[in-house]
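The values are calculated or read from the model by the stated rules, or taken from the named source; none is laboratory data. In this text, all values refer to a predicted model and were calculated from it rather than measured experimentally. When we count neighbours, we look across all protein chains shown, and the Cβ atoms used for this are built from the backbone with ideal geometry, even at glycine. Just so you know, the surface numbers come from the protein's heavy atoms only, side chains and all, with ligands and any DNA or RNA stripped out. Shrake-Rupley method; radii C 1.70, N 1.55, O 1.52, S 1.80 Å.
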Amino acid sequence: MNVYEEIGLKRVVNASGRMTILGVSTLSDEVAQAAIAGGQSYVVIEDLIDKAGEIISRYTGGEDSCVTSSASAAICLTIAGLITKGNKVLMDRLPNSDGLANEIVIQKGHSVHYGAPMPTMIRLGGGVPVEAGTANEVVPEDIEGAITDKTVALFYVKSHHCVQKGMVSLEVMRDIAHRHGLPLMVDAAAEEDFRKYIALGADLVVYSGAKALEATTSGFVTGKKQYIDWVKKQYHGIGRPMKIGKEGIMGLLKALERYENKDHEKEVRENREKVRYLCEEIGKIPGLKAQEIQDEAGRAIYRARVTLDPAVEIGCTMEEINRQLREGNPSIYARTEFLNLGKIDFDPRPMVEGDKELIVKRLKEIIGG
Ligand SMILES: *Cc1c(COP(=O)(O)O)cnc(C)c1O
């Protein structure tokens with residue numbers, strides 16, 4: 001029995017991904033130990049935040065970094081920092097930023113719902129989202145046209161949640177931002193490369209701690225020192241309800257160290273092996289088809305996509321199958337982004353020993369009767 005079953009909750013098979021609704025990821029013993037040790041001593045938090053920023057920057061190539069409670073918090077605090085420039089009087093006024101330069105230009109196809117609406121995170125930091133272009137087409141002129149004397153930053157979102165076609169590239173956004181003397185902010189919350197966007201010339205890049213890094217619940221923003229100084233100051237203002245504890249910070253630092261030393265190719269191979277098993281076994285179930293697909297955002301993530309076989313009548317929709325997967329015990333969560341198109345995807349990354357067999361067994365039960 002796991003601790004959640006002990007308090008009367010169902011066990012969950014996470015075949016969905018690094019999902020907030022399921023607890024994102026699990027902690028390795030090393031990361032858990034670092035969090036425990038961090039929680040058992042006192043420290044001057046301001047010094048810890050500075051030191052953590054220094055350490056994070058070694059892994060990102062940023063001039064400095066600010067640790068946060070989540071990527072969402074990093075977005076809010078970065079925007080609050082850019083609007084107030086660390087000025088105490090302005091900081092004390094937030095989230096009211098009336099009359100200040102407070103506009104954040106974002107492509108319409110990037111203004112997504114990632115589990116919460118992006119415009120909400122921008123507003124929470126005192127920003128006013130200005131969406132450029134249309135949902136499926138944005139051209140450089142749309143970005144230029146959205147910039148006013150109240151613009152404080154351009155914001156690029158790198159995510160599978162975004163519209164992938166018809167958008168302006170990060171490099172073009174960067175050049176437009178810099179031509180106007182504005183910073184380019186990048187949300188790379190779920191990305192796996194912690195150096196790439198700084199190396200490409202982004203001024204501020206936001207990451208989530210519990211996704212690729214499998215850290216304690218946390219996040220950070222990395223980039224130019226001046227901006228990071230302004231972000232850190234927000235902990236004395238709007239950032240207070242978003243504070244991260246010392247244990248969360250120490251867990252994140254350990255996870256960064258582990259991530260750097262991990263054999264990522266081996267992990268991808270092992271995950272593809274699980275996908276191959278799932279495709280083969282699910283493919284044998286009458287009425288179902290399964291194939292390996294790659295992540296829409298181009299990351300080295302492979303998943304087993306399951307659809308109904310139109311040649312075999314099983315009298316059951318994919319919605320119904322998904323409902324039964326979730327309602328069983330343990331509760332099985334597949335990815336459902338394309339459920340409206342009759343597809344569910346099994347993500348091998350969060351699966352633990354025995355999960356793939358359980359998924360196949362449960363699907364057979366559902367289809368069988
Ligand atoms: C997950 C995600 C976030 C939020 O990350 P949290 O750490 O959960 O706040 C923000 N943006 C994108 C694109 C995401 O995928």
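What the table below lists for this structure:
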item	result
Long-range HN-HN contacts of residue 156 with modeled amide H, under 5 Å	185, 186, 187
Largest-first ordering by accessible area, 1.4 Å probe, given options 214, 270	270, 214
Residue with peak Gaussian network fluctuation, the chain [Cα springs, cutoff 10 Å], from 353, 137, 260	353
Net charge dipole size for segment 43-260 [Lys, Arg +1 and Asp, Glu -1 on Cβ; Debye, nearest 20]	460
Choice from 252, 213, 325 with maximal GNM fluctuation in the chain (Cα, 10 Å cutoff)	325
Stretchable slack from residue 240 to residue 54, in nm (0.36 nm times residue separation minus alpha-carbon distance)	64.8 nm
Longest to shortest principal axis, alpha-carbon extents of the chain, angstrom	66, 53, 36
Carbon plus sulfur fraction of accessible area for segment 1-47, probe 1.4 Å, in percent	57
Gyration tensor (Cα) of segment 97-154, equivalent ellipsoid semi-axes in angstrom	18, 17, 6
Cα principal axis extents for segment 1-44, largest first, Å	38, 24, 18
Protein accessible area in segment 180-320, 1.4 Å probe - carbon and sulfur %	49
Most positive-pole-ward Cα, 251, 219, 152, against dipole of segment 146-261 from beta carbon charges	152
Percent antiparallel among DSSP beta bridges (both partners in the chain, rounded to 5)	50
Ratio of the Cα radius of gyration of segment 43-260 to 2.2 N^0.38 Å, where N counts its residues	0.94
Accessible area of residue 29 in the full protein assembly, 1.4 Å probe (Å², nearest 10)	130
Spatial extent of segment 168-263: Rg and Dmax, with the Cα atoms as the point set, Å	14.6, 41
Most to least accessible of 207, 42, 277 (protein chains only, probe 1.4 Å)	42, 277, 207
Dipole of the chain [Lys/Arg +1, Asp/Glu -1 at C-beta], most positive-end residue of 242, 40, 300	40
Å² of accessible area per residue within the chain, as computed with a 1.4 Å probe and no ligands counted	47
10 Å-binned pair-distance histogram of segment 214-369 (Cα, whole percent)	9, 30, 24, 19, 13, 4, 0
Distance in nm between pseudo-label sites at residue 178 and residue 45 (7 Å out along the Cβ direction from Cα)	3.7
Whole-number percent relative contact order across segment 204-319, with pairs defined as alpha carbons under 8 Å at least 6 apart	16
Within a Gaussian network of the chain (alpha carbon springs, distance under 10 Å), most fluctuating of 232, 211, 266	266
Residue 295-residue 36 FRET efficiency (beta carbon distance; Förster radius 45 Å; 0.05 resolution)	0.85
Computed label-point distance, nm, for sites residue 340 and residue 11 using a 7 Å Cα→Cβ extension	3.5
